[in-house]
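Here the structure is laid out as structure tokens; the discussion comes afterwards.
The values are calculated or read from the model by the stated rules, or taken from the named source; none is laboratory data. Because the structure is a prediction, the values reported are computed rather than measured. Ideal geometry is used to build each Cβ from the backbone, glycine not excepted, and the neighbour counts take in all protein chains shown. Keep in mind that these areas ignore ligands, DNA and RNA; they rest on the heavy atoms of the full protein, side chains included. Shrake-Rupley method; radii C 1.70, N 1.55, O 1.52, S 1.80 Å.
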Amino acid sequence: MSGRKTYTQIYYLMITVQEALSIILSQSRNFGSTTVSINDATGRVLAEDIYADRDYPPFHRAAMDGFALRSEDFLEKGIRRYTIIEDLFAGGTSTLQPKEGQCLRIMTGSATPAAYDAIIRIEDCQLEGQQVTFNVTALKKGQNIARQGEDAKAGALILTKGTRLFAPEVAALAVAGRSTVLVHQFPKIAVISTGDEVVPVDQDIKPHQIRDSNSYALASFLHQYGLEIACRKLVTDDKELLRRVIQDVLTYDLVIFSGGVSMGEADFVPAVLADCGVQPLLHKVKLKPGKPLWFGKLPAGGVVFGLPGNPMSCQVCYKIFIEPFLRKCFDLPEALKLHLPLLVPKKKNAKLNQYFPCVIEGKGLRPVVINGSGDITSTLRSHGLALHPLEKEDLSEGDLVEFIFW
Ligand code: AMP
Ligand code: MG
């Protein structure tokens, strides 16, 4: 530590989570777009609309292995025994026109010729050489044939900008003949852990020290969006070192500090940031855990989050502020929020928006037992965070609460 705090601390009025979020979201911006192979597109966000290049399915696709016939023969003429005139495999074409009482042996995936309008599956037949007898009495015109264009018509919008790409979306891109796709560019990200007591994970540790876990939690959260950290540092509570680190990341899109934003004598981050030309936009939010949150704007347009160092505070602040910020930058809708009943009552113990880790048990939420925001292992047993809103007094069993997944 490089001496006591000498800066004049600017005191901000504590604002609500909603107010803080609107300040943060107002700083969102696009990071541009880039073309990637669909092999590398998983988790990325689409930056273009995708249209069906042809009808899906592109032909009347046989949906079963069996026999294609003319429904008229079966329904009106009552014919049950048919002569097989041809075999049709997927990828092949047929050449013969069926006459009364004739059928086509057809395999799943074949383009059903126009002359046939129903398929009876192989399980419902009795075969003798080139003769087939159907053991069924009912038949529906069009059965077991996927109609051309029933899934999507040529030119239909199948994926919109701001869609995250996972297996079904990547498959749809391949269907549309798109081997490459335009996605949102990644922002340039720095994560800076601070604290005299904080040591790297692979270093010998003394009894009074703690390992840097926050930068790994943040890296893991960011990874869910395919985001990598371009600059990762661990700095002691030293104003001069902090200043140097900040100078190095002034042109980044997103800088995340962990620790050093509270009221302690070694919490230099807000003052040094302001000193380096970072415009403070908020400090302290009516939130638990996570009250000391700091947020500001870099001269080059990027943003800086100063997260409290307590592991749970750091994780809650990521989920409540940084993830929504990134989603807005990527044109993504808000993350999924559920409203689930509490399985047990919960006392109000702070006039703040309080997030508490819960497990989903049956149809409800059970809060996990926590000692405080410094806990590491409590959150391991939880599926996500529930909200005890600022304005709400004690919660009763059965009360619906907002819940987000980790
Ligand atoms: P601070 O916000 O700097 O006052 O730190 C609050 C608490 O979080 C202290 O107990 C720190 O030891 C702890 N802490 C700070 N940075 C980290 C980190 N990178 N990983 C894990 N815990 C941390
Ligand atoms: Mg600290």
LYS319, sole failed condition from (1) touching a strand residue (DSSP E or B) at 6+ places or on another chain (Cβ under 8 Å); (2) surrounded by 17 or more Cβ atoms within 10 Å (Cβ to Cβ); (3) part of a loop (DSSP other than H, G, I, E, B): (3)
Residue in the range 323-338 that is of a type in the set (D, E, K, R) and in contact with a helix residue (DSSP H, G or I) (Cβ under 6 Å, 6 or more places away or on another chain) present: yes
Hits in the range 26-61 - residues which are modelled with pLDDT of 95 or more and at positive phi: GLY32
Search result, residues across the range 55-85 that are part of a helix (DSSP H, G or I) and either aromatic (Phe, Trp, Tyr) or more than 14 Å from LYS141 (Cα to Cα) (or both): PHE74
The one condition in (1) in a loop (DSSP other than H, G, I, E, B); (2) under 24 Å from TRP406 (Cβ atoms); (3) away from ligand 2 (no atom under 16 Å from the Cβ) that TYR252 fails to fulfil: (2)
Those residues of the range 237-291 which are of a type in the set (Asp, Glu) and away from ligand 1 (no atom under 15 Å from the Cβ), in sequence order: GLU240, ASP248, ASP253, ASP275
Residue in the range 222-229 that is of a type in the set (Asp, Glu), open to solvent by 80 Å² or more (accessible area, probe 1.4 Å) and in a loop (DSSP other than H, G, I, E, B) present: yes
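Could you please give the count of residues in the range 165-213 that are assigned to a strand (DSSP E or B), more than 16 Å from ligand 2 (Cβ to nearest atom) and surrounded by 19 or more Cβ atoms within 10 Å (Cβ to Cβ)? Full working, then the answer.
Let us first name the residues in the range 165-213 that are assigned to a strand (DSSP E or B), namely 180-184, 189-194, 198-199, 210-211.
With the extra rule that they be more than 16 Å from ligand 2 (Cβ to nearest atom), the set shrinks to 180-184, 189-190.
With the extra rule that they be surrounded by 19 or more Cβ atoms within 10 Å (Cβ to Cβ), the set shrinks to 181, 183-184, 189-190.
Residues flagged as assigned to a strand (DSSP E or B), more than 16 Å from ligand 2 (Cβ to nearest atom) and surrounded by 19 or more Cβ atoms within 10 Å (Cβ to Cβ) within the range 165-213 amount to 5.
For the subset of the range 255-267 comprising residues that are within 16 Å of ligand 2 (Cβ to nearest atom) and not in a loop (DSSP other than H, G, I, E, B), which member is nearest to ILE24 (Cα to Cα)? Reasoning before the result, please.
Residues of the range 255-267 that are within 16 Å of ligand 2 (Cβ to nearest atom), as a first pass: 256-267.
Subset that is not in a loop (DSSP other than H, G, I, E, B): 256-258.
Working: ILE256: 13, PHE257: 15, SER258: 17 Å.
Looking at residues that are within 16 Å of ligand 2 (Cβ to nearest atom) and not in a loop (DSSP other than H, G, I, E, B), I get ILE256.
Does GLU240 satisfy the condition of being within 30 Å of the chain's Cα centre (by Cα), outside any strand (DSSP E or B), surrounded by fewer than 21 Cβ atoms within 10 Å (Cβ to Cβ) and among the acidic types (Asp, Glu)? Even if it seems obvious, please write down each step before you answer.
Details: within 30 Å of the chain's Cα centre (by Cα): no; outside any strand (DSSP E or B): yes; surrounded by fewer than 21 Cβ atoms within 10 Å (Cβ to Cβ): yes; among the acidic types (Asp, Glu): yes.
The answer is no for GLU240.
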